[in-house]
Amino acid sequence: MSGIIGKKLGMTSLFDSKGKSVGCTVIEAGPCFVTQIKDRDKDGYRAIQLAYDDLKANKANKSAQGHFAKSGVTPKRKIVEFRNFRKEFDNKVKLGMEIKIQDVFNENEFLDVTSVSKGKGFQGVVKRHNFGGVGQNTHGQHNRNRAPGSIGAGSTPSRVFKGMRMAGRTGGEKVTVQNLKILKIDQKDNLIYVGGSVPGSNNTYVVLSN
């Protein structure tokens, strides 16, 4: 899996070849730096570790400072491992090497985006699971429009089954959106324009992979 780390900046729109406006997400992707190369003999698997987004040296603990010093890279905020990079790229990778968007992706390709979705706190069943609610103010039930209703039978089975959809904490989970099209790559500003929406709020770290 080839990939790069980035940060969601926001949404905008671009015009395609047919003059149609297409909504897209703007992501600042890289530059990332190779901070560790794992091999099968020593670590049991092959992987390339990339780091992104500068961090002040005094905010990194000693173990992190030592880890980054081995590759000659200044401390970073986000670290992600990628397995199964393209062979032509995997053979050239070195510690401290700078990775940019154009090294991994091209325009009109498709990629997957992984990030943490927006946290929505404790929510009821209507918002969390798209329940319709009771929907009728009948028989004096004036406050049941968004209630879950019955959650189990009485004497049989006399319990609530595991996995029952109920109210609870919503959002704030790792989410992957697949097969988003790369509409445009701005090499000068390290920006990539991806068709459609991406999970998370602005300035959320995202992992782009293919």
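The values are calculated or read from the model by the stated rules, or taken from the named source; none is laboratory data. If you're wondering where the values come from, they're calculated on a predicted model, not measured in any experiment. Neighbour counts run over all protein chains shown; Cβ positions are idealised from the backbone, glycine included. All accessible areas refer to the heavy atoms of the entire protein, side chains included, with ligands and DNA or RNA removed. Shrake-Rupley method; radii C 1.70, N 1.55, O 1.52, S 1.80 Å.
Quick notes on this structure:
- Normalising the average separation of contacting C-alpha pairs (under 8 angstrom, six or more residues apart) by the number of residues puts the relative contact order of segment 1-58 at 29 percent.
- Per residue, the average separation of C-alpha pairs within less than 8 Å and at least 6 apart gives the chain a relative contact order of 31 percent.
- Gain in span if fully extended, S197 to D43, counting 0.36 nm per residue against the direct Cα distance: 51.8 nm
- Space enclosed by the convex hull of the alpha-carbon atoms of segment 134-206, per residue, Å³: 186
- With a cut-off of 10 Å between beta carbons, the residues surrounding V134 carry a summed charge of +2, where Lys and Arg count +1 and Asp and Glu -1.
- Per-selection Rg to Rh, segment 1-123 - Cα, Kirkwood hydrodynamic radius: 1.04
- Pairs of Lys residues in segment 44-168, spaced 8 or more positions apart or belonging to different chains, with C-alpha separations under 23 angstrom: 25 in total.
- The chain pair-distance distribution - Cα-Cα, 5 Å bins, rounded %: 1, 6, 11, 13, 13, 12, 10, 8, 7, 6, 5, 4, 2, 1, 0
- Extension gain for K188-A64 works out to 41.7 nm (0.36 nm per residue, less the C-alpha to C-alpha distance).
- Every helix of 4 or more DSSP H residues in the chain counts as -39500 (n - 2.57), and over all residues that averages to -2500 deg cm²/dmol at 222 nm.
- Compared with the dominant principal axis of the Cα atoms in the chain, helix 62-71 is inclined by about 50°.
- Taking 0.36 nm per residue of sequence separation and removing the Cα-Cα distance, the K94/N108 pair yields an extension gain of 2.2 nm.
- Computed over protein heavy atoms with a 1.4 Å probe, the accessible surface of the chain works out to 62 Å² per residue.
- For segment 1-106: relative contact order, % (alpha-carbon pairs under 8 angstrom, 6 or more apart): 33
- A Gaussian network model of the chain, with springs between Cα atoms under 10 Å, assigns the largest mean-square fluctuation among P199, P75, P157 to P157.
- Gaussian network model of the chain, Cα within-10 Å springs - most flexible of F68, F161, F122: F161
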